[in-house]
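The structure appears right after this line, and notes come after that.
The values are calculated or read from the model by the stated rules, or taken from the named source; none is laboratory data. The shown structure was predicted, so the numbers you read here are calculated from the model rather than taken from an experiment. Using ideal geometry, Cβ is built from the backbone for each residue, glycine included, and neighbour counts are taken over all protein chains shown. All accessible areas refer to the heavy atoms of the entire protein, side chains included, with ligands and DNA or RNA removed. Shrake-Rupley method; radii C 1.70, N 1.55, O 1.52, S 1.80 Å.
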Amino acid sequence: MAAATAWLRRGAWGPARRYGLAAGRSYSGGSAYPSVSLTCPLPGVPKAVFAAAEGREQFETRVTVLENELRVASQNKFGQFCTVGLLINSGSRHEAKYLSGIAHFLEKLAFSSTAQFGSKDEILLTLEKHGGICDCQASRDTIMYAVSADAKGLDTVVNLLADVVLQPRLSDEEMEMTRTAIRFELEDLNMRPDPEPLLTEMIHAAAYRENTVGLNRFCPVENTDKINREVLHSYLRNYYTPDRMVLAGVGIEHEQLVDCARKHLLGVEPVWGSGQAKEVDRSVAQYTGGIVKVEKDMSDVSLGPTPIPELTHIMIGLESCSFLEEDFIPFAVLNMMMGGGGSFSAGGPGKGMFTRLYLNVLNRHHWMYNATSYHHSYEDTGLLCIHASADPKQVREMVEIITREFILMAGAVGEVELERAKTQLKSMLMMNLESRPVIFEDVGRQVLATNTRKLPHELCALISQVKSSDIKRVVTKMLHKKPAVAALGDLTDLPTYEHIQAALSSKDGRLPRLYRLFR
């Protein structure tokens, strides 16, 4: 206080006087400033026009169904660029009657030569004129062709997408290059230090044995030579039909996108011929539970000055629900509450350092290298999993720790941890939806599944409504199912499937005790 009064006594208002902020304000020439109230409009200055939040309808997703049953969905977003693409209800889950690996082949063959474009380079040069990039991703239930480019080139982009999807040449040279690319990817998949993609395949195979989402997403090596143009055309004839497609766009006017769709996607004959789809697989996922084990030497996965130690990887999963059910939101909150990560994950706000798998597992058991929760959800089923990694000698203890965490999910849920999980989920949702390609995928997938789209504020409201009783209810229901187990590495000390099942059926999640005559 003394310092403040001294500062005032020293005439600290000198600079204020100099800039005309005190009494007796004047110009440098000596004439006085006019006395003007800051609450009144200045004379001669035009009235200010302020930005206002316009009607919410401008930001809602609009959907139009064309005469051929193709759905056109768009979301307005400010900016020079747009993201436009075709999402198709087709993926590895539909390959039961075909050779496994067709969706993988189609993903690799995307944006190759077509009826209009002689090569991939020609497609890329066309996109380059509009500052565009392209991508194709195939999952278990959807294949997505997407382009991000200047919004002024929308007609060119939709024309290109229509040609890529409906008129691919599938030349012998392109087929051979795709076979080589797939073989390399499969080899890389088995050699990479991070086994998560491989474990995800294994847990799906265990949970849905030989049906729908349990079918292999990657093309088996033995099928690379068997898949040819005729096999692909046979598949495309059944699954690449307008009623199974959505043309989604973000950052463009809806009417403009509908006009382009009518011009390039209405009445177009595909290269495999038109006609009614005859053999569409409408199977509903059948959860079976089970175990898939792969004994593998992981000691030399990562060599170098700081090699990763030999680890055994375990993933345990239980059936959750589809993304169309009301329980999907409580499961999403539960997954966020479990959280987890690697033992070397960097800390900081929003990194999940207060999630259960960090607090109860990684912080207490220094020998655990990883404990992460995952939630996979589809239109007819879902799978909540925990992936854990540790030294092969501690596999049994690691499995017990994970089964105990599953049992504890059904226990008391603290108000603070529930609010934290809900806030983190809302934060992650809103942060991801800042990105135009993410909005595009969200619009496309939701419209493909439900013909409408829930907006972010609606999802946030649903998240806010989740109570601890909802978490307990969905977990209790989940724990009555048989577990799915995937194990990779040195499995000498892996408990039997029956013992893991018994642990998940017990009150404390402990494995049955083993009594050995000889150690």
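The table for this structure:
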item: Filtered residue count, segment 428-452, keeping only those that are open to solvent by 30 Å² or more (accessible area, probe 1.4 Å) and not in a helix (DSSP H, G or I); result: 4
item: Qualifying residue in segment 233-244 (condition: surrounded by fewer than 20 Cβ atoms within 10 Å (Cβ to Cβ), touching a residue at least 12 places away in the same chain (Cβ under 8 Å) and among the β-branched types (Val, Ile, Thr)); result: no
item: Number of positions in segment 57-95 that are within 13 Å of Val250 (Cβ to Cβ) and open to solvent by less than 10 Å² (accessible area, probe 1.4 Å); result: 8
item: Within segment 386-417, considering residues that are over 21 Å from Phe354 (Cβ atoms) and among the basic types (Lys, Arg), the one surrounded by the most Cβ atoms within 10 Å (Cβ to Cβ); result: Arg396
item: Residue selected from segment 96-116 under the condition crowded, with 23+ Cβ neighbours inside 10 Å and not aromatic (Phe, Trp, Tyr), by the criterion nearest to Glu269 (Cα to Cα); result: Leu106
item: Which listed residue, of Leu318, Leu247, is buried (at least 22 other Cβ atoms within 10 Å of the Cβ), part of a strand (DSSP E or B) and not assigned by the TED database to the domain that holds Tyr145; result: Leu318
item: Index of the failed condition, Leu462 passing every other in (1) among the hydrophobic types (A, V, I, L, M, F, W, C); (2) closer than 27 Å to Met315 by Cα; (3) part of a helix (DSSP H, G or I); result: (2)
item: Failed criterion for Lys482 (all others in (1) assigned by the TED database to the domain that holds His375; (2) out of contact with any Gly (no Cβ under 6 Å at 6 or more places or on another chain) hold); result: (2)
item: Filtered residues of segment 257-290 (kept if open to solvent by 20 Å² or more (accessible area, probe 1.4 Å) and of a type in the set (A, V, I, L, M)); result: Leu266, Val268, Val271, Ala277, Val280, Val284
item: Number of the condition not met by Lys293 [criteria: (1) charged (D, E, K, R); (2) assigned to a loop (DSSP other than H, G, I, E, B); (3) within 30 Å of Met368 (Cα to Cα)]; result: (2)
item: Any hit, segment 180-188, residues being farther than 30 Å from Ile308 by Cβ, of a type in the set (D, E, K, R), in contact with a Ser or Thr (Cβ under 8 Å, 6 or more places away or on another chain) and at pLDDT 95 or above; result: no
item: Condition check for Lys293: within 30 Å of Gln116 (Cα to Cα), in contact (Cβ under 8 Å) with a residue 24 or more places away in the chain and either open to solvent by 60 Å² or more (accessible area, probe 1.4 Å) or assigned by the TED database to the domain that holds Leu359 (or both); result: no
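Matching residues to (1) surrounded by 14 or more Cβ atoms within 10 Å (Cβ to Cβ); (2) modelled with pLDDT under 95; (3) touching a Leu at 6+ places or on another chain (Cβ under 8 Å):
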position	(1), (2), (3)
Leu462	yes, no, no
Thr476	no, no, no
Pro483	yes, no, yes
Leu504	yes, no, yes
Tyr515	no, yes, no
Arg519	no, yes, no
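Here's the yes/no breakdown for (1) modelled with pLDDT under 95; (2) surrounded by 21 or more Cβ atoms within 10 Å (Cβ to Cβ):
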{"residue": "Met337", "(1), (2)": "no, yes"}
{"residue": "Gly341", "(1), (2)": "yes, no"}
{"residue": "Gly347", "(1), (2)": "yes, no"}
{"residue": "Asn363", "(1), (2)": "yes, no"}
{"residue": "His375", "(1), (2)": "no, no"}
{"residue": "Tyr378", "(1), (2)": "no, yes"}
{"residue": "Leu384", "(1), (2)": "no, yes"}
{"residue": "Glu419", "(1), (2)": "no, no"}
{"residue": "Lys426", "(1), (2)": "no, no"}
